[in-house]
Amino acid sequence: MVAGILTAAVTAAVLAASGGVPGDTGDCVRAKGRFAPSKALSPALTYDRGLVPPGARIEVTQRHERSGTRVALRVRGLKPGHAYGVHVHQKPCGPDPAAAGGHYQHRRDPVQPSKDPAYVNPANEVWLDFTARRDGSGAAAAVHSWGFGPGQASSVVLHREQGGAGDRVACFTVPFAPRA
């Protein structure tokens, strides 16, 4: 019950931070946040303050275009020069880095946790890997011909290393929307 209340509170905070609900700006979701320590009630949580300091900023957008679903990420205030792995995850963020569940997969691997390269790859998942610039900013985008299933994509997780896996250093809850 507490988890449900926390999830509802986080979702409300994300919607307030994004300025609306999915679809109110031309079929677009936009969420902005500032990272807070992992025990805070915030949609943006940091688990490694050296790589993602409290106060660092994140913005995630999802747009449905003719070519498919576009997810874009912009960050500021991260550790300069670090190569981050970033993926869309199934569940909202929580104080425990594992709360976000596994990567969102268009074709879900029947064996979980997923480690099969046939499923864990940038064509089947949303990968937004980037290297932070000298000023700690970074950006990435991915476009897929498919969209998210209802309620199956709920966060963006920043990982310590690029590629398919690695320690979770931060998480941002995002109200991703299925394609209309």
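The values are calculated or read from the model by the stated rules, or taken from the named source; none is laboratory data. Owing to the predicted nature of the structure, the values given are computational and were not obtained by experimental measurement. Cβ atoms come from the backbone with ideal geometry, glycine included; neighbour counts cover every protein chain shown. Surface accessibility is based on the protein's heavy atoms, side chains included, excluding ligands, DNA and RNA. Shrake-Rupley method; radii C 1.70, N 1.55, O 1.52, S 1.80 Å.
Step by step: first the residues of segment 71-93, then only those that are open to solvent by 10 Å² or more (accessible area, probe 1.4 Å) and aliphatic (A, V, I, L, M), then the one that is nearest to Q152 (Cα to Cα). Which residue is that? Filtering segment 71-93 for residues that are open to solvent by 10 Å² or more (accessible area, probe 1.4 Å) and aliphatic (A, V, I, L, M), the one nearest to Q152 (Cα to Cα) comes out as A72.
G81 passes every criterion in (1) out of contact with any Lys or Arg (no Cβ under 8 Å at 6 or more places or on another chain); (2) at pLDDT 95 or above; (3) part of a loop (DSSP other than H, G, I, E, B) apart from (1).
Just so you know, in segment 107-128 the residues that are closer than 13 Å to V71 by Cβ and crowded, with 20+ Cβ neighbours inside 10 Å include one that is farthest from the chain's Cα centre (by Cα), and it is E125. Tell me, please, whether a residue that is acidic (D, E), closer than 16 Å to S145 by Cα and touching a Gly at 6+ places or on another chain (Cβ under 9 Å) can be found in segment 43-61. Scanning segment 43-61, I find no residue that is acidic (D, E), closer than 16 Å to S145 by Cα and touching a Gly at 6+ places or on another chain (Cβ under 9 Å), so the answer is no. Being open to solvent by less than 40 Å² (accessible area, probe 1.4 Å), at positive phi and within 12 Å of the chain's Cα centre (by Cα) is a description that does not apply to G68. Of the residues making up segment 99-142, just one is among the β-branched types (V, I, T) and farther than 26 Å from H82 by Cβ, namely V111. Selection over segment 30-56 of residues that are modelled with pLDDT under 95 and surrounded by 20 or more Cβ atoms within 10 Å (Cβ to Cβ) gives a count of 1.
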